[in-house]
Every structure is written in C-alpha cells, then in structure tokens.
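The values are calculated or read from the model by the stated rules, or taken from the named source; none is laboratory data. Just so we're clear, the structure is a prediction, and the values are computed from it rather than from any experiment. Note that each Cβ is placed from the backbone with ideal geometry, even for glycine, and that neighbours are counted across all protein chains shown.
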Amino acid sequence: MAKEFKRKDGRKPTELRKIVAKVGVIPNADGSAMFAFGDTVAIAAVYGPRLLHPKHMEDPTKCILRVNYDLLPFSVHDRKKPGPSRRSQEISKVTEWALSPVVDLKSFPNTVIDVQIYIIQADAGTRTAGINAASMALAHAGIPMKNLVCSVAVGKLDKNLVVDLTKEEEDFEEGEGSTDFAIARIANTDEFTLLQFDGKVQPELINDLISLSDNACKEIYEAQKKALKEIIK
Amino acid sequence: MKKVKENKINEEITEQEISSEEYEHAKRKPVIPGEIIVSGEDYLPGDGTRREGNDIVANRFGLAEESGRVIKVIALTGAFIPRRGNVVLGRVTDITFHGWIIDIGSASQAFLPIEESPKFVSKAEMDQFIAIGDIVAAKIWGVKSKGIDLTLKGKGLGKLEGGFVFHTNPNRVPRIIGKEGSMINLIKENTSSNITVGQNGWIWIKADSVDNQIKARKAIEFVVEKVHIEGLTEKMEEWFRNYK
C-alpha cells in the first residue's frame, strides 16, 4: 500500500480510540470497573459468588456465571426502549462465553457470580468494551482467574483493514462497504474466546484481520493492568 | 470424635492469629490474575497462586507476598470466602428441628446444630435460647458445597445482646484487628466499648453510651479507609486525641 489510509477522525488504521479504564466505580458491588473506547463507555459490576435463585439452576460441580448486558435508554441517539431485547440477550450470552474460560468456576459450587454490564454511551464496539470492563471487574471482585480477557473490534472499510471502528465507520457504505469483527482473547496468548463476524471479507484476509488484534489487545491489557494496580497505592 | 474436631479448630485459630501478624510484612507488590510473580524452581505456590512451568503466576488480584520460599497473594477486595476456623457474626433467619439457620453474608447458608450450643437446649424451647433475628458470634467448623456448619463452643462465642451491628469490607478485618489484636484493643480502650469482629466483615459494638458506640464505629471506619498506610496504630492514637 503506497498511501496510508486516513480515517475520518484522523486515526491511523491500527490506532485505537482513547482508552479510559477505572476500577472500583460502584462501591456497593464486590467488584466493578469502567472501560471506554472514545465515546463508547461501559460499566460493569460483579456480585458474588452468592446464593443462586432459582434453586433448580444450581450446579453442584461448579459456579454459574450469569452475565447481563444492556444499553441504557440514553446511550444512543434515538432512545433505547428499556428492557431485554433479542440483541442484548445474544450479547449477554456471548459475553458469558467469552469470560467463562478464564474464571475458575470450580472453586464455588452451587453458587452464582452475577456480572452486570451497562453501556452508558454507545459509539460502536459496545460488546468489546463491556467484556474489557467485566474482566477487570471480575479481577477486582477477587475471583480466581487464569488471566484477564482483552477484547477489540477489527474491521475493513472498503479495502482498508482498521481496528476499533466507530459507529460512523460501521455504517460506511462506499466501495466494498464495512466489515465488523469483534474479537476477545485471553491476555498474552493466542487463545480466542469470542469471534463474531458481521459483513463481508475475502477469506485470505481473515488472518490479517485477526493479527491486527495482537497489538491492540496488548495496549488494552496494559490499560487494564494499570487501572487495577492504581487502586493499591 | 468431638475431641479431634475441637483440637482442629484450635489449630486453625493459631493459624489465623499468625496471618493477621503477617499483614505487617514488607516486600509486597500488587499483582493481577495471570501475572508472573517470580520465576524459578525454588519457589512454592501458596494461596492465590499457581505454578506454570518455571513461573509462579497470580490466580487473583491482590498483593503478592514472599514469606520464605512460599509466594502467596493477599486478597484486598471481593466477597467473604468462608474458611474453617473463622469466627463470624450472623443473623438468625430460621429455626429448624435440628438447629438454627444463620445468614453470615456469604454464598451459602450457615447452619448451627442444636448440639453445638454450649449448654443443653430443649428442642421445644429453642427460640428462648436464640430467636429469629438475633445476632450470634459463631465459629465455622466445616465448609461443604451445600452449606457451612457453625459452632458456639469456644471463648467469646454466643448470642450478642444489645449494641449494634454494621458491615465493612471483610478483607480489611486483619487490619482492624491489628498485630496480636493491637488495633482493636486500642479502639476498645479509647471508647470503653465491647467489640466483636467477624471475619465476614460484620462488626458488633456495645458501649456504655451511644456516643462511645458511634465513636468506636467511626474509628473502625477510619482504619478501613486507611488500609495501606504504615504505622496505622500511631495514626489511630492521634485520631483519638483529635476526636471531639
């Protein structure tokens, strides 16, 4: 590529939006965190391990991870109708799957760990911001974990591969259009816990797209690490 | 059989006292899950850590501490995880045929069998000994997947009458107690109150006056806030001098 692709907000193709990470934002919870990619802001609260209701959901071999993801009504331009939707239920489920491989669920049989993720401002990449926040909140809640989970969206605008798309970029329609690929991986490894693809891409480009998340996840991991260590002065 | 059980509980208490002392040790650093604490075959993984090849890796978020060859992670945040030998405070939620069900604020319910009361209690008059809503100080003698078993046999255990109970972060309890109970004794002396601290973060205070009760609670809340500061006992003494 001779000329470097310029994005609308002036970022380089592999540049993330400004990351803000904070831990302990909800004093009432056992663990909590905030994670923001530019204008996308997610907060997560973790409660538990605690008693599980309804009782029939209890698993005597392990703890249940129960994730609830939702957009707040004022997080988007047109008011989002409160309450669970088909979309939020799907994202809750994939977030649960993205997080459960790192959490040591075997230590607390018959109990539940509740993870609440709320998006207070949405500008694309909400599920990835939510996973990053939830992974920090789980660590903050003192739950035994293998590692942190880092998540980022990569994508393609016309013929250019980019990371961390904004809503405006997601709606890009010129040329080959826009592709959105949400990725979550266990920090510092090549183990993936979430791969969600939306759009079109040439099969030979998929590996290039995934490898874009290498550096992005490193950057996210450093932000998460810094935020967690900051609360121990 | 009973004897053996009691001996085990006594062992656990001494272990607990040591761990509050260890809180004062130096050489600690914050770690996050998955972070390598030290490398080398010489080290042994303790609480909150695991071995991965040549490295000792943190399993949870907290402060990593080296005590000899053993590396462990001290928890700073999170819910109370019950352990055998912990003294906890709880509120009676129900009375069954065999004993009392007690809420100790943890993931599973706690059960206090009628045989574990220090004196004989008739099954017909259980609510006259401990009624629903009462606060008790009890010791955990067993943690199973379905629940926690409690006992009232031991010094300072039993129903707590009068005073009031409040909750704090259970991870701060070692600091509230201090080295060999130095901090809690300082607060007790300065407020002439009676305080029982449960490992679950529930604290019971009873003093001769309401003012002293409030003073004791404020003092404990001061300790909880200033958890990472060195020489906290001196700071506490100063706090009492300035308290109006």
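Criterion applied to A:157, A:99 was being within 30 Å of residue A:205 (Cα to Cα) and modelled with pLDDT of 95 or more, and the one residue passing it is A:99. Evaluating residue B:188 against the criteria (1) without any contact (Cβ under 8 Å) to a residue 40 or more places away in the chain; (2) in contact with an Asp or Glu (Cβ under 8 Å, 6 or more places away or on another chain) leaves one unmet condition, (2).
Being out of contact with any strand residue (DSSP E or B) (no Cβ under 8 Å at 6 or more places or on another chain) and not β-branched (Val, Ile, Thr) holds for only one residue in B:170, B:118, and it is B:170.
Selection of segment B:118-133 for residues being surrounded by fewer than 17 Cβ atoms within 10 Å (Cβ to Cβ) and in contact (Cβ under 8 Å) with a residue 24 or more places away in the chain yields B:118, B:123, B:127, B:131, B:132, B:133. The numbered conditions (1) within 14 Å of chain B (Cβ to nearest Cβ); (2) crowded, with 23+ Cβ neighbours inside 10 Å; (3) in contact with a helix residue (DSSP H, G or I) (Cβ under 8 Å, 6 or more places away or on another chain); (4) part of a loop (DSSP other than H, G, I, E, B) are all true for residue A:188 except (2). Those strands (runs of 3 or more DSSP E) of segment B:151-244 in which at least 2 residues are crowded, with 20+ Cβ neighbours inside 10 Å and either modelled with pLDDT of 90 or more or not assigned by TED's automatic domain parsing to the domain that holds residue B:100 (or both), considering only elements entirely within it, cover B:193-197, B:202-207. Here residue B:75 fulfils each of the conditions (1) within 23 Å of residue A:113 (Cβ to Cβ); (2) modelled with pLDDT of 90 or more apart from (2). In the set (1) outside any loop (DSSP other than H, G, I, E, B); (2) of a type outside the set (Phe, Trp, Tyr); (3) crowded, with 16+ Cβ neighbours inside 10 Å, residue B:77 fails one condition alone, (1).
The set of residues from segment A:74-91 being in a loop (DSSP other than H, G, I, E, B) and either charged (D, E, K, R) or within 14 Å of chain B (Cβ to nearest Cβ) (or both) comprises A:78, A:79, A:80, A:81.
Taken across segment B:100-117, residues that are within 12 Å of chain A (Cβ to nearest Cβ), small (Gly, Ala, Ser) and touching a residue at least 60 places away in the same chain (Cβ under 8 Å) do occur, with at least one present. Can you tell me which residue is nearest to the other protein chains (Cβ to nearest Cβ) among those in segment A:206-233 that are over 23 Å from residue A:37 (Cβ atoms) and surrounded by fewer than 16 Cβ atoms within 10 Å (Cβ to Cβ)? Ranking the qualifying residues of segment A:206-233, first place goes to A:233. When residues in segment A:146-181 are screened for being surrounded by fewer than 24 Cβ atoms within 10 Å (Cβ to Cβ) and either within 14 Å of another protein chain (Cβ to nearest Cβ) or small (Gly, Ala, Ser) (or both), 5 of them pass.
The requirement of being of a type in the set (Asp, Glu) and over 30 Å from residue B:93 (Cβ atoms) is satisfied by residue B:234. You will find that of A:94, A:102, A:41, the residue that is crowded, with 18+ Cβ neighbours inside 10 Å and within 14 Å of chain B (Cβ to nearest Cβ) is A:102 and no other.
Let's see how each residue does on (1) over 27 Å from residue B:104 (Cα atoms); (2) modelled with pLDDT under 95:
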position: A:2; (1), (2): yes, yes
position: A:65; (1), (2): no, no
position: A:85; (1), (2): yes, no
position: A:106; (1), (2): no, yes
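Within the set B:65, B:52, B:41, the sole residue that is within 22 Å of residue A:147 (Cβ to Cβ), exposed (fewer than 14 other Cβ atoms within 10 Å of the Cβ) and more than 9 Å from chain A (Cβ to nearest Cβ) turns out to be B:52.
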